[in-house]
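Novice: Mind having a look at this structure? Questions to follow.
The values are calculated or read from the model by the stated rules, or taken from the named source; none is laboratory data. Fair warning: this is a prediction, and the values are worked out from it, not measured in the lab. Quick reminder, even Gly has a Cβ in these numbers, built from the backbone with ideal geometry, and neighbours come from all protein chains shown. Quick note on the areas: whole protein, heavy atoms, side chains included, nothing else; ligands and nucleic acids left out. Shrake-Rupley method; radii C 1.70, N 1.55, O 1.52, S 1.80 Å.
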Amino acid sequence: MLEDADFRLTKIPLNNGAGHMPALGFGTLIPDPSTTISATKDAVIAGFRQFDCAERYRNEREVAQGLQAGLAIAAIERKDIFLATKLWNTNHRPERVEPAFEASRERLQVDYLDLYLSHTPFAFQPGDEQDPHDQDGNVIYDRGITLLDTWRAMENLADRGKCRAIGLSDIGLEELQPLYEAARIKPAVIQVESHPYLPETELLEFCKARGIVLLAFAPLGHGIRPGPIEDPVILAVAKRVGKTPAQVMLAWAVQRGTALLTTPKSKAHAQENFEISRLPQDAFDEINGIQTRERYNTVVKTGSPGFIPRGR
Ligand SMILES: NC(=O)c1ccc[n+]([C@@H]2O[C@H](COP(=O)([O-])OP(=O)(O)OC[C@H]3O[C@@H](n4cnc5c(N)ncnc54)[C@H](OP(=O)(O)O)[C@@H]3O)[C@@H](O)[C@H]2O)c1
């Protein structure tokens with residue numbers, strides 16, 4: 001039992017000396033405001049200590065409410081959780097980065113963020129419209145701004161202690177490598193889609209060699225069926241080890257050295273997703289051997305968010 005508790009509380013060191021990040025994380029991409037509050041509270045009570053937010057999710061105020069309620073019930077403090085949020089594409093111009101950060105920080109009602117990520121490498125036309133489109137429905141990009149321009153502004157935030165670590169999301173190796181080389185402050189965390197159908201092994205190896213945490217979103221394949229949560233290997237391992245398919249997939253993610261973000265919306269799923277146990281080596285190897293490949297979120301290609309429709 002002690003081993004299970006240790007496994008659930010796995011922490012990964014950050015490459016900037018700013019401490020550790022809990023591997024098991026809760027994501028707040030939840031459209032409904034009251035569900036955002038209840039699910040966030042339930043996640044704290046279940047044991048989650050790492051939380052991912054975004055200005056684009058338009059619910060940072062509700063997340064703050066859920067966190068405050070959860071912290072009170074769990075009798076823990078702000079410093080006991082690891083809190084991250086993300087800069088949206090319309091705020092990539094350097095002069096917009098700090099105001100966007102401050103607005104998120106105020107909505108989240110905290111003095112500091114543990115981690116600030118650029119949500120995607122794509123700069124959109126700056127302004128209040130989060131999804132600027134032209135008359136033909138095409139995204140309007142801000143072509144004059146490079147990711148490095150935005151990164152420099154994020155480095156300045158980190159210098160002043162406003163966020164303890166900075167990182168990137170929805171980025172591939174091709175863009176990450178040059179940014180990493182040019183960065184004065186190296187990215188501490190990379191958040192990308194990852195699950196047994198999208199293991200991102202090459203990216204994970206690059207990150208591990210540099211002490212960058214790979215933070216896997218959609219570790220359950222976003223719950224899409226058919227999908228990895230119904231894969232025959234996952235179902236067989238779950239039966240053999242006496243765990244649910246979701247618990248097996250989350251354990252695999254932690255065991256391969258990634259952090260993760262899962263989004264259970266019910267109390268029962270929150271408890272289930274926290275109560276993971278280390279997998280036997282043969283089960284871990286079998287999941288590594290799955291050959292099916294599928295990406296469920298296309299944000300990485302255009303900067304526009306969105307999972308592919310269910311039941312495709
Ligand atoms: N950087 C980016 O561009 C980006 C993009 C997408 C997501 N994210 C982040 O990643 C987080 C997680 O992504 P995700 O929502 O795809 O996570 P996920 O945990 O893979 O999928 C969530 C789905 O799985 C279901 N589920 C959860 N626990 C379950 C269980 N024990 N058994 C069966 N089904 C279960 C949920 O259903 P219930 O509602 O019934 O619990 C929900 O439909 C987001 O909230 C967000 O923070 C980031």
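Novice: With angles folded into 0 to 90 degrees, how steeply does helix 94-108 sit against the dominant principal axis of the chain? Use alpha carbons for both and round to 10.
Specialist: 50 degrees
Novice: Let me ask another. Mind checking the dipole of the chain: about its Cα centre, +1 per Lys or Arg Cβ, -1 per Asp or Glu Cβ, Debye to the nearest 20?
Specialist: The calculated dipole for the chain is roughly 480 debye.
Novice: Right, another one. List the GluC sites (Glu not before Pro) within segment 1-90 that DSSP assigns to loop and that have no more than 12 neighbouring Cβ atoms inside 10 Å.
Specialist: Of the GluC sites (Glu not before Pro), the ones in loops of segment 1-90 whose Cβ has at most 12 other Cβ atoms within 10 Å are Glu77.
Novice: Can you give the charge dipole size of segment 193-269 about its Cα centre, rounded to the nearest 20 debye, using +1 on the beta carbon of Lys and Arg and -1 on the beta carbon of Asp and Glu?
Specialist: Approximately 380 debye in magnitude.
Novice: Calculate how many DSSP beta bridges within the chain are antiparallel, expressed in % of all such bridges and rounded to the nearest 5.
Specialist: Roughly 20 percent of the DSSP beta bridges within the chain come out antiparallel.
Novice: Which value, in Å² rounded to 10, gives the accessible area of Met154 with a 1.4 Å probe and all protein chains present?
Specialist: 0 Å²
Novice: A follow-up question, please. Could you check what % of the DSSP bridge pairs in segment 189-312 are antiparallel, to the nearest 5?
Specialist: 20 percent
Novice: Could you tell me which residue out of Gln281, Ala165, Pro196 lies farthest along the dipole of the chain toward its positive end? Charges go on the beta carbon: Lys and Arg +1, Asp and Glu -1, centred on the Cα centre.
Specialist: Ranked along the dipole, the leading option is Gln281.
Novice: Now a separate question. Counting pairs of alpha carbon atoms under 8 Å apart in space and at least six apart in sequence, what relative contact order in percent does segment 48-179 give?
Specialist: Relative contact order comes out at 26 percent.
Novice: If R0 is 30 Å, what FRET efficiency do you get for Val139 and Ala103 from their C-beta distance, rounded to 0.05?
Specialist: With a Förster radius of 30 Å, E is 0.85.
Novice: Would you work out which of Ala46, Thr292, Leu214 lies farthest towards the positive end of the dipole of the chain, given +1 charges on the beta-carbon of Lys and Arg and -1 on that of Asp and Glu, about the Cα centre?
Specialist: The listed residue farthest towards the positive side: Ala46.
Novice: Lys and Arg at +1, Asp and Glu at -1: add these up for the other residues within a Cβ distance under 9 Å of Lys86 and post the number.
Specialist: Here the charged neighbours net out to -1.
Novice: Hey, what number do you get for the chain at 222 nm if only DSSP H runs of n ≥ 4 count, each worth -39500 (n - 2.57), divided across all residues, to the nearest 500?
Specialist: Computed mean residue ellipticity for the chain: -12000 deg cm²/dmol.
Novice: Given axes a ≥ b ≥ c from the Cα gyration tensor, I'd like to know whether segment 1-69 is rounded (a/c under 1.5), prolate (a/b larger than b/c) or oblate.
Specialist: It comes out oblate by the Cα gyration axes.
Novice: Can I ask one more? Under 1.5 on a/c is rounded, so check that first for segment 1-143, then, if it is not, pick prolate when a/b is larger than b/c and oblate when it is not; a ≥ b ≥ c are the square roots of the alpha carbon gyration tensor eigenvalues.
Specialist: Here segment 1-143 falls in the prolate category.
Novice: Quick one: net charge around Lys239, please, counting Lys, Arg +1 and Asp, Glu -1 for every other residue with C-beta under 15 Å from its C-beta.
Specialist: Computed value for this residue: -2.
Novice: For a test of the definition: using alpha carbon positions, the gyration tensor, and the 1.5 limit on a/c, classify segment 209-312 as rounded, prolate or oblate.
Specialist: Since a/c stays below 1.5, the shape of segment 209-312 is classed as rounded.
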